[in-house]
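K.L.:
Following this message is one structure expressed as C-alpha cells.
The values are calculated or read from the model by the stated rules, or taken from the named source; none is laboratory data. Given the structure is predicted, the values throughout are model-derived calculations rather than measurements. Heads up, the Cβs are rebuilt from the backbone with ideal geometry, glycines too, and the neighbour counts pull from every protein chain shown. SASA here: full protein model, heavy atoms, side chains in, ligands and nucleic acids out. Shrake-Rupley method; radii C 1.70, N 1.55, O 1.52, S 1.80 Å.
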Amino acid sequence: MSIKRFKYNEEGLSRFFGPLEARIMELLWNNKQGEFSIKEVQQTLESEKNINFNTVMTVMNRLVDKGVLKKRTSGRVSLFSPIQTKEEFLEEQSKKLTENLLDEFGGVVISHMIDSLTDVDETLLNKLELKIQQLKKDKL
C-alpha cells in the first residue's frame, strides 16, 4: 500500500490522510472488536460532530480502494477492518518515505538526519550505532 501524497506541514496521521480518513483509521485501529460497519463508524463520529452516513460510506470505500481497509460482507452489512496495524502502517510508510528521500537527495538526507540527532535519547543513538555496525559486517 502506498500513500501518494505525504503532507510535510501536517502532524500524525494527517500527513498521510485527509482529516476524516485519519479519524476513521484511528477509530478502526483502536477498535478491539476487529471490524466496524459503516453505521457503527458513522454513529461513533456523530457523537463528536454531525456527519452524514453517505459521507462516511464514501470515505471508507475510498480507504478500501487505497488498500488501507479491507471489506467483507456479512448478510446485508459491510464490515471494515484495517489491513495493517497502525504500527505496521507507520513503519511501512516511514520506510518508503526514507527510501524516496534517499533516491532523490542521496547522502545529504543521511547527513541531515544525523545532524537532527543532537537532542535524541541515547538508546536511539546506541541502536543506530549497532545498525551501522551490522550493515558494515554484512558488507564484508
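K.L.:
Report the one residue of G12, N50, L79 whose Cα lies farthest in the direction of the positive end of the charge dipole of the chain (charges on C-beta: Lys and Arg +1, Asp and Glu -1; origin at the Cα centre).
P.N.:
The listed residue farthest towards the positive side: L79.
K.L.:
Now a separate question. Under a 5 Å amide H to amide H cut-off, with H placed in plane at 1.01 Å, what residues pair with I83 once short-range neighbours are removed?
P.N.:
Correct list: L69, K70.
K.L.:
Taking the solvent-accessible surface of protein heavy atoms with a 1.4 Å probe, what is the per residue accessible area of the chain in Å²?
P.N.:
Numbers: 10180 Å² over 140 residues.
In whole numbers, the chain has 73 Å² accessible per residue.
K.L.:
What is the angle, in °, between the Cα long axis of helix 86-105 and the longest principal axis of the Cα atoms in the chain? Nearest 10 is fine, range 0 to 90.
P.N.:
That helix lies at roughly 50 degrees to the long axis.
K.L.:
Straight-line reach from K39: which lysines have a Cα under 20 Å away, not including same-chain ones fewer than 8 places off?
P.N.:
Those lysines meeting the cut-off are K49, K70, K71.
K.L.:
Could I ask something else about it? Where the only charges are on Cβ atoms (+1 Lys, Arg; -1 Asp, Glu), what is the dipole of the chain about its Cα centre, to the nearest 20 debye? Don't jump to the answer; show the numbers that get you there.
P.N.:
Details: 22 positive and 22 negative charges, 148 e Å.
Using only the charged Cβ atoms, the result is roughly 700 debye.
K.L.:
Helix 122-139: angle to the longest alpha-carbon principal axis of the chain, degrees 0 to 90, nearest 10?
P.N.:
The helix 122-139 is inclined about 70 degrees to the chain.
K.L.:
Using all alpha carbons of the chain, what is the percent of pairwise distances in each 5 Å bin, ordered from the shortest bin to the longest?
P.N.:
2, 8, 14, 17, 16, 11, 9, 8, 8, 4, 2, 0, 0
K.L.:
May I ask for the distance between the Cα centers of region 20-56 and region 64-140, given as a whole number of Å?
P.N.:
If you average the Cα positions of each part, the centres end up 26 Å apart.
K.L.:
Name the residues whose placed amide hydrogens come within less than 5 Å of the amide hydrogen of S37, ignoring near sequence neighbours (fewer than 5 apart) on the same chain.
P.N.:
Amide H neighbours of S37: F80.
K.L.:
Pop out the carbon and sulfur fraction of the accessible area of region 10-69 as a percent, whole number, probe 1.4 Å. Each step should come with its number before you reach the end.
P.N.:
Details: 1510 of 3280 Å².
The value for region 10-69 is 46 percent carbon and sulfur by accessible area.
K.L.:
Over the heavy atoms of K71, what accessible area does a 1.4 Å probe trace out, to the nearest 10 Å²?
P.N.:
In the full protein context, K71 sits at about 100 Å².
K.L.:
Summing +1 for each Lys or Arg and -1 for each Asp or Glu, what net charge is found among the other residues whose Cβ lies under 12 Å from the Cβ of L13? Kindly include the intermediate steps, with their values, before the conclusion.
P.N.:
Numbers: positive: K7, R15, R23, K86; negative: E10, E11, E21, E26.
Net of charged neighbours comes to 0.
K.L.:
For the chain, what is the calculated [θ] at 222 nm in deg cm²/dmol (nearest 500), taking -39500 (n - 2.57) for each run of four or more DSSP H residues and dividing by its residue count?
P.N.:
On the way: 6 runs with 81 residues, N = 140.
Mean residue ellipticity, 222 nm, calculated: -18500 deg cm²/dmol.
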